[in-house]
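Below is one structure, written out as structure tokens, with a few remarks after it.
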Amino acid sequence: MSEIPARATGSAYPPDDARDGSAGGDAAGGVPGTPPPGDAMWQSSPPGSIYDYIKVASFSIGPDGLIDQWSLRAEHLFGISADRAVGMDPIEVFIDSDLRERGQRKMAEILDGREWTGVVPFRVPDETCGPRGRRGLAEVYVMPTRTPDGEKAAVCIVVDVRTLRTIETDLAASQAIFSQSPFGFLLIDPDLRVRRANQRFASLFGGTPDDHRGKGVHDYLPRAEADRVSATLRRVLETGDSITDMHVTGFVPGSEERRHWSVNLYRVHSGSGRPIGVAWLGTDITARRAAAREAAAARRNLALLNEAGARIGNSLDLETTARELLDVVVPGFCDLATVDLYQGLLVGDETPHGLADGSAELRRVAYASAVSDAPFLGTGERVAVGAVHHYPFSSPCAVALRTARPRSVPAEEGGLVQSTLAVPMVAHDTVVGLVQFARTKGSEPFGDRDRDLAVELAARAAVCIDNARLYRREHERALILQRSLLPPGDPEASGLDIACRYLPGNAATGRPSEVGGDWFDVIELPGHRTALVVGDVMGRGLRAAVAMGELRTAVRTLAQLDLEPAEVLAQLDEIARGLGAPGGVQQATRAARRPREADLSEVYLATCVYAVYDSVTRRCTFANAGHLPPVLVEPGENALMLDVPPGLPLGVGGEPFEEVEVELPEGALLALYTDGLVESRDHPLDEGLQAFVGALTDPAHAPAHRAETHRDLEDVCDRVLNTLDSHHGEDDIALLMARVQGLPADSVGDWTLPREPRSVGRAREYARAQLLSWDLEPLVDTTELLVSELVTNALRYGEGEIRLRLLLDRTLVCEVWDSGLVQPRRRRARDTDEGGRGLQLVGLLSAAWGSRRTPRGKTVWFELPLPGGETGLTDPAEALLSLF
């Protein structure tokens, strides 16, 4: 076949002197390259032979120069059936008019017995192709022959030159693709043997392409992989289904590196469609697979970091933050993990001993495992969660703590763990603890990329843990501050039995929360009166606690001035407005007039209810600044909310506060509280208030004895908190409850004295008689002396009638009332002064003294401790001598 194109490059007809060429010898001696006649054998060309592609046609010419036989392949080549072709003159039918003369001459020579080979242009008459017909180029081999009658004839063999050119081009292209392909190219026969290999394949597996002929896949791949590939090859041969991107793993000669290939397989057919093998096109993807593995690891690590950012640090609890870290890394990054934190930092020691050299004690705060429940250390020592321990100085964990760099921990002999990383937790250049990540046997050991990821995870968790540690420290300090500002224990008050409860938000919910600004207070006032205060600064944290402390201090100061409840709240409102401005209330007032400066001022708002209870009259005066209404429970009646005008919160300003006076029956229960008790996200305020009122409703009358009353009040507090457990939780809770125990009438002595000098002596007589009736003889002399001084001052400096009142409860209180508005002022008398020592004497002999305004004047009072108490009486004689 390789000679056909060469002959086809000649002229259409050979020169005349080439008539007697070697072709005649071929005819006589047989086809070159065939066995001698004695060795000749008959064999049929199998389907898919070269003749299927060349399409050789034949026909014969009779002695008359006309076609007398026409083969089927001639029909296919020329498109003319045998019925039409037989009897035609081939020169007249197929040759153009300008070549017919030469054609007739050649036909005569052929019929004269000469062989001839040449390339002849022809046309095929075809009505659909116009008058010139369909054109072609044929290579013709003409062999002379004789008819049975002995006449000369010819047999013609015709090949379409264009088919030859196509085959030539296809072969050249196939050869170029096969040999020049950058991929490994194999042609595997039906016996799964290599029929042909290209140079690329040979360069990988050694030798020349011919050295690989006859080899099978077992010569290149491990047994298990070769069996899998062989089964796939058979399936492709049987079904004809192509295989794309099949991954094959093996080794190349002279290398122990595992290689990976991507192989495409498809079945190859002959020209007749018969399967003749499988084409194997393979490319080395080892580097690509490694890059894909690296990219997948990078994506996995990035996803892990994203998850860590989303899940770590959602809580300000140290242990919870440590567990969040382990929830992220197990099992996504490792099989086992532990978190150890320095014990000194956990307990609040800022510079614990041994922190710098890694020898300080640590506490195991978290542990997680995907394969085992046993805690682990690189030394084999077992540490339980919550246990305090330390690492040996020379251990990898201690080295990691000292150097603040990750270290690999050797695996235990025969243990489950094969690879461990000890990573210090560094936050703000300070090592706060250690994380150990471990992988068990069967998992891939930690690499450099894993080490970097472990450091990043530990650093993120360390910052969150350090923030949680700092928050815990600040939270504890704020709680200490807040609790230091609350009344210690159950306060005492005249004419009231008091029980109180304070629950921070975290105590109510079991979750850490910021300190709030709730507070309550019980302040004893002169005349056996008591101020009850409950307030709530809006906001959370240390800022709210500090504001609460300032307001509480202000309330106590204003209460000692014995101001009316509405006036106390008005002064508190001014103070609250000044808390957010550096210059105080005046600066805050100016800022309120200038909107830009008002935006820069920090706003402090608070609600507060202030009540003053008089144990003598059992009347209570309320003033409210935006707080929830007090609740009153009268004996045998249902609880009800008192209608006290709420007013505006403290810090808003601009509106006066109103007062409401309520007479409280004996045994009545008064409750003051903050919104944390009755309001939550899940329950509206109205529902909480109704639940609170229902919990306070008590049909039974008050107990008769004081001790029983106090115990009953404690039980009421507990019952209320337990009943409202489902209604509160997010905010602090302050609850102040007071049972009314009015001062008995026989504990009060009250007299009105005319404005005359004799009233001084009468006042002494009334006081002596009353004290003797109360069996307080040790107080008679001191009381007479001080009553005489106060009544004398009322006569000298006061106005109107004089009123003397003695009150006996936990102490003895004496009050002198008059209509004058001038408040007494204590001064130090000189040695030469005859007077001016009365109030000094009152201050020396009494436990406390003072004065307050009343709606119709003023009251001057003093207080004496009862005999047998912790505070002894001052000797009047010594007090008098001390004045001179």
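All of the numbers you see were taken from the coordinates with simple rules; none came from a lab. The structure presented is a predicted model; accordingly, all values stated were derived computationally and were not measured. Note that each Cβ is placed from the backbone with ideal geometry, even for glycine, and that neighbours are counted across all protein chains shown.
Label positions at ARG135 and THR117, each projected 7 Å from the Cα along the C-beta direction, are separated by 2.6 nm.
Can you tally the net charge around THR283? Count Lys and Arg as +1, Asp and Glu as -1, for every other residue whose Cβ sits under 13 Å from the Cβ of THR283. The answer is +2.
Residue separation of ARG274 and ASP682 scaled by 0.36 nm, minus their Cα-Cα distance, works out to 139.0 nm of gained length.
Using 0.36 nm per residue and subtracting the Cα-Cα separation, the extra length available between VAL780 and VAL252 on full extension is 178.2 nm.
So, R0 is 60 Å and r is the distance between the beta-carbons of SER203 and ARG105; what FRET efficiency does that work out to, to 0.05? With R0 = 60 Å, the Cβ-Cβ based efficiency is 0.55. Within a Cβ distance under 12 Å of TRP751, other residues only, what is the Lys/Arg minus Asp/Glu net charge? Once positives and negatives cancel, what remains is 0.
Working from label points 7 Å from Cα in the Cα-to-Cβ sense, the GLN69 to SER819 distance is 16.4 nm. Once backbone amide H atoms are built at 1.01 Å from N, LEU605 has MET538 as its partners under 5 Å, excluding neighbours fewer than 5 places away on the same chain.
Listed by chain and number, the lysines placed with their C-alpha closer than 29 angstrom to that of LYS441 amount to none; residues fewer than eight positions away on the same chain are left out. Mind checking the log10 I(q)/I(0) for segment 292-477 at q = 0.10 Å⁻¹? Debye, one equal scatterer per Cα, no solvent, two decimals. Treating every Cα as an identical point scatterer, log10 I(q)/I(0) equals -0.36. As a calculated quantity, the FRET efficiency between ARG213 and ASP327 at R0 = 56 Å, using C-beta atoms, amounts to about 0.40. Taking amide H positions as modeled 1.01 Å from N, with prolines and chain starts lacking one, the residues under 5 Å from THR674 and 5 or more places away or on another chain are ALA734. Checking every one of the GluC sites (Glu not before Pro) in segment 400-497 against DSSP loop status and a limit of 11 other Cβ atoms within 10 Å picks out GLU413.
For ASP64, what is the net charge nearby, where nearby means another residue's Cβ is under 11 Å from its Cβ and Lys, Arg count +1, Asp, Glu -1? Here the count lands on -2.
Here the extension length gained between VAL155 and ASP452 equals 98.3 nm, from 0.36 nm per residue of separation less the Cα-Cα distance.
The packing ranking of peptides 253-261, 523-531, highest mean first, is 523-531, 253-261, where packing means the average number of other beta carbon atoms within 10 angstrom of each residue. Take the Cα of THR752, step 7 Å toward its Cβ, do the same at ALA310, and the gap between the two points is 8.2 nm. In loop segments of segment 128-209 as defined by DSSP, the GluC sites (Glu not before Pro) with at most 16 further C-beta atoms inside 10 Å of their C-beta are GLU151.
As a rough footprinting exposure proxy, the listed residues MET143, MET548 were ranked by other beta carbons within 10 Å of their own, and the order from fewest upward is MET143, MET548.
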